[in-house]
Amino acid sequence: MEFILEEGKHLHEECSTLILPALSIGNVGQLAIDLLVSSMGADRVGYLDDPFVLPCVGNDAYGSASRGDLALPLEAYDSPSNALSLIQQRSPLVKGKMVEFAKSLADFAISSRKNHVVVLSSLDAGRRKRIDMSSEMQIFYLSSTHKDGTDDHCEKMGWKRLQEYNPTERKWEFLNDLAEGKFIDEGNWPSEDELIDEDYYPSLPFAALFSCFKAKGLKVTCILCYCSEGDNVPDSFQLAEATCKLLGLSISNFHGKQGGGWLIPFSWTSLYGPPPDNSLF
């Protein structure tokens, strides 16, 4: 993985916390990053080039002015006023290369002197075994603070540790070994036909990122929510708000005028295509 700095830009040393998405159902993590970048007015400082990220290109996701800026597969943003760096990933990976990609991202975080990484991701609501009807939306987390994945700060906020995390189970152990470099061939992973229910969560991208950042000695917190495919904008707001709560950020200080400081990204105007033709009804 190579980091390319934009002309005239530089990395800000005060941005010691890194926020990034893990691709999953509904693209909620990516939507939350879009919302945070737009609302903070974060500045794109460069992009990352990785052979395992599929190429894509699009129009500027945040600005309405036609300046010729392009959105790239893996972009880096800084928000010095909030001491944050953000990475946006816009395309998936080559199949079977998630761990190698996660290791490269961990190396980038180390080289850019990050000390806390926050991973945003969604989980398939169809696999949720226990539903708490006491609240409409719930946040789950996974932290490297303690060996069992718990974190006192997250618990005080009322979040629940991902119950399916068990570092002694076979695939969590195998994932940890890969992250620490004890194994090289990812072909030793159980095949899709051999997967059992307990293997679902450690097979997701957030798990590889969590394991690889933790293996490098970085503090890492995964913020997770369950969702289904569809209009996932409300889920992205939930994840972005949880991120601000974790990091002690005040949404009222953001650059938006709607929803308490949120600034809706310009690209969301065509997020789900044009509205239906009313003449059809």
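Observations on the structure shown:
- Residues of the stretch 76-92 classified as assigned to a loop (DSSP other than H, G, I, E, B) and either surrounded by fewer than 21 Cβ atoms within 10 Å (Cβ to Cβ) or in contact with a Lys or Arg (Cβ under 6 Å, 6 or more places away or on another chain) (or both), total: 3
- Residue 99 being in contact with a Cys (Cβ under 8 Å, 6 or more places away or on another chain), open to solvent by less than 30 Å² (accessible area, probe 1.4 Å), modelled with pLDDT of 95 or more and among the hydrophobic types (A, V, I, L, M, F, W, C): no
- Selection status of residue 31, touching a residue at least 24 places away in the same chain (Cβ under 8 Å) and open to solvent by less than 10 Å² (accessible area, probe 1.4 Å): no
- The number of residues in the stretch 56-78 that are modelled with pLDDT of 95 or more and out of contact with any strand residue (DSSP E or B) (no Cβ under 7 Å at 6 or more places or on another chain) comes to 0.
- Residue in the stretch 111-126 that is at pLDDT 90 or above, hydroxyl-bearing (Ser, Thr, Tyr), in a loop (DSSP other than H, G, I, E, B) and within 25 Å of residue 240 (Cβ to Cβ) present: yes
- For residue 15, the criteria (1) crowded, with 21+ Cβ neighbours inside 10 Å; (2) not in a loop (DSSP other than H, G, I, E, B) hold in every case but one, which is (2).
- In the condition set (1) open to solvent by 10 Å² or more (accessible area, probe 1.4 Å); (2) modelled with pLDDT under 95, residue 247 is compliant with all but (2).
- Subset of the stretch 65-94 [in contact (Cβ under 8 Å) with a residue 60 or more places away in the chain, closer than 19 Å to residue 121 by Cβ and charged (D, E, K, R)]: 90
The values are calculated or read from the model by the stated rules, or taken from the named source; none is laboratory data. The structure displayed is predicted, hence computed values, not measured ones. Because the Cβ atoms are built from the backbone with ideal geometry, glycine has one as well, and the counts that use them run over all protein chains shown. The area values use the complete protein model at the heavy-atom level, side chains included, leaving out ligands, DNA and RNA. Shrake-Rupley method; radii C 1.70, N 1.55, O 1.52, S 1.80 Å.
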